[in-house]
Each structure stands twice: as structure tokens, then as C-alpha cells.
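Structure, as C-alpha cells:
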Amino acid sequence: VARLRALLAGCESGTLAEGIRNALERAALSTSEGVEVDPYRVQLLTLHATKGLEFLTVYIVGVEDGQMPGHRTVQESKVEEYPEARRLLYVGMTRAMDRLVLTRVDERAGEPAGGSMFLQEMGLQWAMP
């Protein structure tokens, strides 16, 4: 947060459009050089951002029909878009070099969360920890 505040300092002047432009220019030039990173940190990424990367352990949280990418595709019965949603889950799953953990809940906001049609297609079943 301190780094973000420092990055945005001085971007308030002028119009809103100028402030946004200045903030984006400063962010583009910002680096993490010299900043030590904890080797045991947890990296949070979207499934889109994981393409081409590999990790020892990957956790994909919320592997439920209502949470997975393509949920609107399923709701609106856009069958032609299923392959892209399926591919995105596959990309995330194949980022694990050693261990892949998929999580889900039985219900969200008092409503059944459902399964994951893509995992059912693969013949995978849920196991309680």
C-alpha cells in the first residue's frame, strides 16, 4: 500500500483524465528492483495470467459451475463458448508441476454451489480433506 501511495503521489493535479494518465505512466515505469521478495510468498493470479508459467503447487479456488470462468456461458447456454471456458480451466490445472489442489464449497449465500461440469467430464470426483 505504501508503494502504491508513493506511486500515486502527485497525480492529483489537473483534470481527472490527466491524473489517470499520469498514474498510468508512473505505473508503467515503476519497478520492484531492490525490493526483497519473500521466497515463501503466495502468488495470486487469474487463470488468464498463468499461461506459460509453472508452479510447484497450484490451488484453484471455487471450482464450481457458478464460479468458474464461462459461468455466464453455461447460464445462457452458449454451447459454442464451452471449449474456451474448458481450455481456461485446463490452462490453470496444467500450471502445477508437483501438486494441484481444486477447492469448492457446497453452498454460497445459502444456495447450492453445484459441481463443475468440466471436472465431471474428466471423471474427477470430490474428496473431503
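Could you tell me the calculated FRET efficiency between Val105 and Leu4, based on Cβ-Cβ distance and R0 = 41 angstrom, to the nearest 0.05?
Efficiency computed from Cβ-Cβ geometry: 0.85.
Residue-wise HN-Hα couplings along segment 82-88, as the Karplus relation 6.51 cos²θ - 1.76 cosθ + 1.60 with θ = phi - 60° gives them from phi, are 4, x, 5, 5, 5, 4, 5 Hz; Gly and Pro carry x. Site pair Glu12 and Met97 shows an inter-label distance of 4.6 nm when each label is modelled 7 Å from Cα along Cα→Cβ. Val61 exposes around 110 Å² of accessible area when a 1.4 Å probe is run over every protein chain in place.
The values are calculated or read from the model by the stated rules, or taken from the named source; none is laboratory data. All values derive from a computational prediction rather than experimental measurement. Neighbour counts are summed over all protein chains in view; Cβ atoms, including those assigned to glycine, are modelled from backbone coordinates with ideal geometry. SASA here: full protein model, heavy atoms, side chains in, ligands and nucleic acids out. Shrake-Rupley method; radii C 1.70, N 1.55, O 1.52, S 1.80 Å.
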